[in-house]
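Any read-out appearing in this document is the output of simple, stated calculations on the displayed coordinates, not a laboratory observation. The shown structure was predicted, so the numbers you read here are calculated from the model rather than taken from an experiment. Don't worry about glycine lacking a Cβ; one is built from the backbone with ideal geometry, like all the others, and counts go over all protein chains shown.
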Amino acid sequence: MTDTAVESRRETRSAGPAAPPLRPQNRQFAVLAVLVLLAIPLPLILPAAQGAVAVRILIFLIMAVGWNIMSGFGGMFSFGHAAYFGLGAYTSAYLLVEHGVSPWVGMAAGMVVAAAVAMVIGYFSFRYELKGAYFALATFAFAEMLRLITTSSDAVNGAVGYQVPLIQGSSLGQMQFPAGSPAYFWIALVLAGGAVALSILFRHSAAGRYVVAIRDDELAAASVGAPVMRHKLLTVALSGAITAVAGAFYTQYYLFIDPQLAFGSSVSIEAIVTAVIGGIGTIWGPVVGAVIVGSLSDVTATLLATPPEFLSFLQGRSGLDVILYAVMLILIVRLMPKGIFGTLAEKFSERRRR
Amino acid sequence: MIVRRLIAVLGVGALLAAAGCGGSAPSGAAVDAAGSGDGPVRIGALHPVSGSMAVDGLQMRRGAQLAVEQINESGGIASLGGRRVQLTTADTQGKPEIGQSEAQRLISDGAVGLVGTYQSSVSSNVAVVAERNEVPFVMDVTASDEIFQHGYRHSFRVQPGSAKISESAADYLKQVSEQAGEPAGRVAVLHEQTDFGTGAADTFEAAARKLGMEVGPRVSYDATTASDFTSQITQVKASDADVLVVAGYYGDSLLIAQAIDAVKPDLDAVWGVSNGAYDQPKFVSDAGELGDRYFSTNYHFDAQNPETRRLRAEYRQRFGAPMRTGAVLSYDAVQAIAAGVEEAGSTDPAAVRNGIARAQIDPLTVGDGPVRFGPDGENVNSAAVLMQIQNGRVKQVYPPEKAESDPDYSVAW
Amino acid sequence: MTTTIDTDAPETRAPSATLAVLKRAGVVGALVAAAVAVALVQSGSGIVVWQSVVTGLLTGGLYGLIAMGLTLIFGVLDIVNFAHGAMLAVAMFISFGVVAVTGLHPYLTMLITVPALFLVGVLVHRGLLSGSGGATLENQLLITLGLSLLLENGLLLFFGAEPKNVGLPGETHLDVFGAVVAGSRLYAFLGAMALGLLLYWMLQHTRLGTAIRAVASNSAGAELVGINVRRIHTLTFAIGAACAGAAAALAVPLLSVTPTLGEQFNITAFVVVVLGGMGNVVGALVGGLLIGLVEQLTTIYLDGQSSLLGVFVVFVLVLFLRPQGLFGRRT
């Protein structure tokens, strides 16, 4: 059961080089390759502070891709992706700090743990037929329970959390580099690129097509013989595993994790908002959303640090970034339910058809 | 419908464009290696000037600013031919990851040292950045002792650590209660359950036991959800405790005061340990008579020091609010870095680090002597002081050499 | 105890159904009694447990009042309003502001918070939730989530995060068989119960209430007999929001007012709503009392754990085992 995440990764490897049967898939891989190539020189161009923003964007991107697989493609609205982010972060931090295990191994372990937990939560939720709001509330409750339990468990340092021990110099094996090193960005880029590639593969795999069919009409899909439970479990496992990667990388990049940062509800909200603003249930939506949401707090902080005249009363106040993305969230849901990317893509294809 | 959508797309596009331009605005021009040239010596200040801690963060930024002004008025850095000092500020927003990237920005802008950050989780992250860049980081307010267990060479702290405050609290309790002729025999402890409250309670319990006091019952609570402490205080009342120790944040400590007023347990004293409320003027005005005669052991500005009085008067005059202890600590922390530069005669962060380690400054906060850092980076002369709310004012009452008036070991109900 | 609003098709309530509800109430009562007994053994002090029970019930009344608005909205409109806690926070700030400026008695601010929140409810429903954009469940979740972020951070932006406090003039303390009860908490509890009954009466015995129930059980049918369903939806949403306004005025002397205070109540209110059965007003009141008790007993059972943990455990159990709630019928 717990191997699903690993299995799907193996799938990636075998499916990657061989010519896949579907054209849209190839096109998406090509776009991904171009995007990744374009992004490679970024940390060398950007000043240090913006380099940090770029890394933050990539972390958001991975989270949103993870959420989108389960809630966008799968239609299972999760309000608790902090659970998987936190499990990834805590598993890798725990293994590294307490047992000296390389963060790469920790990341893989975190993926397995998150996938397993996702499947357990998923199993019970599907078994008891929790849907819609009930499912969302249940996922939220599980994430919060993990936060409360971690906060009061001495075994994982309670509310203090973990600080990643510093090493001398840099080491790829320990995923630690000098401050401001572009290596962080490149690692995040590889991870994010991998996450997007996985989501492309998933979307076009049998499981992905089934899950979308189930999302759109569960009864019909079940009646043509789709093994609903198995595909749904595979989906939540993949979703959890990808989100865990974001958590594990977060820990290595910021060198610090505590229960609130790992399991707090704001993590879940960030994953949701990013995916929805970009375009729920699309491959590129999370990418677009991450660029916006990831840079927004930096922009508003800059704006408020030296506010223009008419905003001077806001100096020293905070919350503007969240207000902006809240407004964007509402506007997008009301006016363009497919998100920024989804709507633009629709416009383009309409025009081409004409 | 299409028009509406189009408008939405345009709006979002505009935001996106703003993100692109605004995002690259802040640093850019600022990177001019100020540390080595003839420009001012830059000291970076990281505080949460927005977000839920904004009031304290802004106080502390201003405290740091006042220190810089004082240094410049008295001739700048003498060993560098009177070079002036400049404060470069950053907003942590109360978030560890923002604190980290902002610390990095200040360092790449040429800061010779950093002060900050008010919150332990943010300081943990900044300490890592400082260590990796080999730039000294002098913490003003940071309660957690955990940061000093990693052997960082570039982390220093002015305030007494959480453990030191809790030990002093036990110490003072024994002495004050014995002087009053009612030695504390059994102490109940009520604490919030994150590392702050739990750490304080653990250390206090160990120290109190060593001094021959019994501890119990010990009750913890979740400060983010607790809305009524009547049951907890009833539990204290049902025990035979003489004293109630409270280690909590502001809101919960206020609720506890209300519950104490309701239940009226049979106590000799209420004893705050690193308490977020019981030495705050705001608590006095919010709680009114409820808080009368509450004790609190904490770090504090030195109310007996004329320099401190002058500084606080200036602050009040300029900013229209009483200067809090955190801001005075920021003032001390900036002075420590400036003294380090003076000592080193250089703006090379590595030399400044060694300068800080050798420097001594007279603090405006309560201490056992000049600020001097031990090999672990802690201020060896940091000290906690006992305060009590008397007649609607927070007064230092113990130890005697720091006291503004005598402790009144009793309760108001 | 009867179900006021059912989301499923109405059926005549047979005596056996009432009996089933009574039986369930008995089971719940027995469970509560057992839990209290275990707490008694665990703590070994009668007075502490008694105080916990009293405190739990008093706090629970408030939870019930907040949850009533939420459950009403869910029952009639099928909307899970994530912004309910944020609306509560807005009302608290209004209440605080009015007290600070005019010196009015905190409870009298209800005269302002209730209409104000009613208006907010109307605006939110008409502006954001009605029409096609607010149709699907996900969209409603996202819109109300966005709204809650907007309201909370708006309060943060304009009022800052420093906690604000409102004292109750003439605060007294009562002795209830050894347990201490602050007057402010008792009044809030009684107020919550009174408002709960008022809402129940309104639903059962007024034309508006009848219309609301008709829309809840069968909106297409209601439309046919000439009820303006959209108008009823808006009114219901507004009434639900007004409940938060009333709760705010009652609770403002009990809490520090901060922009994020709604978060904590939002979580609890959802648990209460699910526990009482989504859409069941009386169930919400009872659920509130139960959750209040669970919180207090958790702190006795599991020292060092957050009281929320117990709440979530109960929540997950109810979600899995009785998603229709203790007093609802399976849909």
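Listing for the model above:
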{"read-out": "Ordering of C:108-118, C:302-312, B:326-336 by packing [mean C-beta count within 10 Å, highest first]", "value": "B:326-336, C:302-312, C:108-118"}
{"read-out": "222 nm mean residue ellipticity, helices alone, for chain B (DSSP H n ≥ 4; -39,500 (n - 2.57); rounded to 500)", "value": "-14000 deg cm²/dmol"}
{"read-out": "Inter-probe distance in nm under a simple model that places probes 7 Å from Cα toward Cβ, at A:LEU35 and B:SER285", "value": "5.2"}
{"read-out": "Debye, to nearest 20: dipole size of the range C:48-260, +1 on Lys, Arg Cβ, -1 on Asp, Glu Cβ", "value": "420"}
{"read-out": "For A:138-147, mean number of other protein chain Cβ atoms within 10 Å", "value": "5"}
{"read-out": "Stokes-Einstein diffusion coefficient of chain A, Kirkwood radius over Cα pairs, 20 °C, 1.002 mPa s, in µm²/s", "value": "103"}
{"read-out": "Estimated FRET transfer efficiency when R0 is 35 angstrom, pair C:THR18-C:LEU108 (beta carbons, to 0.05)", "value": "0.30"}
{"read-out": "Number of partner chain Cβ atoms within 10 Å, mean per residue of B:150-156", "value": "1"}
{"read-out": "Projected label distance in nm at A:ARG209 and C:VAL38, using a 7 Å step from Cα toward the beta-carbon", "value": "5.1"}
{"read-out": "Net charge dipole size for chain B [Lys, Arg +1 and Asp, Glu -1 on Cβ; Debye, nearest 20]", "value": "1220"}
{"read-out": "For the range C:48-260, with +1 on Lys and Arg beta carbons and -1 on Asp and Glu, the positive-most of C:GLY127, C:GLN51, C:THR109 along the dipole", "value": "C:GLY127"}
{"read-out": "Convex hull projection area averaged over all views, the range A:24-172, Cα basis, nm²", "value": "11.8"}
{"read-out": "Rounded tilt (10° steps) of B:2-23 against the dominant C-alpha axis of chain B", "value": "90"}
{"read-out": "B:ALA78-A:SER102 pseudo-label distance in nm [points 7 Å out on the Cα-to-Cβ vector]", "value": "5.6"}
{"read-out": "Relative contact order %, chain B, counting alpha carbon pairs below 8 Å whose residues are six or more apart", "value": "16"}
{"read-out": "0 to 90° range, to nearest 10: angle between helix B:54-73 axis and chain B longest Cα axis", "value": "60"}
{"read-out": "Cβ charges +1 (Lys, Arg) and -1 (Asp, Glu), total dipole of the range A:4-264, debye", "value": "660"}
{"read-out": "Nearest 10 degrees, 0 to 90: helix B:349-358 Cα axis against chain B principal axis", "value": "30"}
{"read-out": "Highest average packing first - B:226-238, A:324-336, Cβ atoms within 10 Å", "value": "B:226-238, A:324-336"}
{"read-out": "Ellipticity estimate at 222 nm from DSSP helix runs (n ≥ 4, -39,500 (n - 2.57)) divided over chain C, nearest 500", "value": "-24000 deg cm²/dmol"}
{"read-out": "Likely footprinting exposure, B:HIS300, B:HIS47, C:HIS173, A:HIS204, fewest C-beta neighbours within 10 Å first", "value": "C:HIS173, A:HIS204, B:HIS300, B:HIS47"}
{"read-out": "Counting DSSP beta bridges with both ends in the protein assembly as shown, the antiparallel % (nearest 5)", "value": "40"}
{"read-out": "10 Å-binned pair-distance histogram of the protein assembly as shown (Cα, whole percent)", "value": "2, 10, 19, 23, 22, 15, 7, 2, 0, 0"}
{"read-out": "Projected area averaged over orientations for the range A:28-107, convex hull of C-alpha atoms, nm²", "value": "7.3"}
{"read-out": "Lysine pairs in chain B with Cα atoms under 18 Å, if 8 or more residues apart or on separate chains", "value": "7"}
{"read-out": "Per-residue Cβ neighbour rank within 10 angstrom, fewest leading, A:GLU129, A:GLU218", "value": "A:GLU129, A:GLU218"}
{"read-out": "Normalised contact order of chain C, rounded percent, pairs of Cα under 8 Å and 6 or more residues apart", "value": "36"}
{"read-out": "Kyte-Doolittle mean at least -1.0, axial Cα span of 18 Å or more - DSSP H helices of chain C", "value": "C:15-43, C:46-77, C:84-102, C:110-124, C:137-159, C:183-205, C:229-251, C:261-276, C:281-301, C:307-321"}
{"read-out": "Protection proxy ranking of B:248-255, A:339-346 - average other beta-carbon atoms within 10 Å, highest first", "value": "B:248-255, A:339-346"}
{"read-out": "Residue order, fewest to most surrounding Cβ atoms within 10 angstrom, among C:THR144, A:THR235", "value": "C:THR144, A:THR235"}
{"read-out": "For the range C:48-260, alpha-carbon Rg over 2.2 N^0.38 Å", "value": "1.08"}
